[in-house]
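Since the structure comes first, as structure tokens, the remarks are kept for the end.
The values are calculated or read from the model by the stated rules, or taken from the named source; none is laboratory data. Since this is a predicted model, take the numbers as computed values, not measurements. Cβ coordinates were reconstructed from backbone atoms using ideal geometry, including for glycine residues, and neighbour counts include every protein chain displayed.
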Amino acid sequence: MILSLNHINLRAPKPLLDVLRDFYRDVLGLQPGPRPPFDTPGYWLYAGGQPVLHLAEQRADETPRVPATAPGVFDHTAFTASDPDATAAVLRQHGVSFEVSLSELTRQHQFFFADPAGNLIELNFPIESQSHA
């Protein structure tokens, strides 16, 4: 049975792939790292020494793995994060609009925003990491 989340994989044409790599690296602080020599170009981005985000090029002549008729039920990706004040400053510096929520139920301070491809991202901060964002 499932023990934990291993990674998220995003597939995009090369120009968008590079924008996504830069966004997750420069805005969210993931670190580029080693990636096996797959046939498809791409990047692996790491958090805490783990490759949590895989980015793979989707070629124009490639049949998408998910059919266009799929219902599209994926909603968002959530990351545990630190330092909400610094994170808010970096998001603002990069022109990223975000919503802030304080969840007493889950004891998390949360930021919600979209990446450059429109994927919803949720950042969760421990409730004791209060922010003035």
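Take the conditions (1) among the charged types (D, E, K, R); (2) at pLDDT 90 or above; (3) exposed (fewer than 11 other Cβ atoms within 10 Å of the Cβ); R35 misses just one of them, which is (3).
Remark: E104 falls outside the filter, which requires a residue to be free of Cβ contacts under 8 Å to residues at least 40 places away in the same chain, exposed (fewer than 11 other Cβ atoms within 10 Å of the Cβ) and in contact with a Phe, Trp or Tyr (Cβ under 9 Å, 6 or more places away or on another chain). Kindly indicate whether V27 is in the same structural domain as R11 (by TED's automatic domain parsing), farther than 15 Å from L10 by Cα and at pLDDT 85 or above. For V27, the condition - in the same structural domain as R11 (by TED's automatic domain parsing), farther than 15 Å from L10 by Cα and at pLDDT 85 or above - is met. Does the stretch 105-126 contain at least one residue that is over 12 Å from the mean Cα position of the chain (by Cα), among the small types (G, A, S) and either at pLDDT 95 or above or at negative phi (or both)? Looking through the stretch 105-126, none of the residues is over 12 Å from the mean Cα position of the chain (by Cα), among the small types (G, A, S) and either at pLDDT 95 or above or at negative phi (or both). Scanning for something among the basic types (K, R) and farther than 25 Å from S97 by Cβ, does the stretch 26-42 turn up at least one residue? Yes, some residue in the stretch 26-42 is among the basic types (K, R) and farther than 25 Å from S97 by Cβ.
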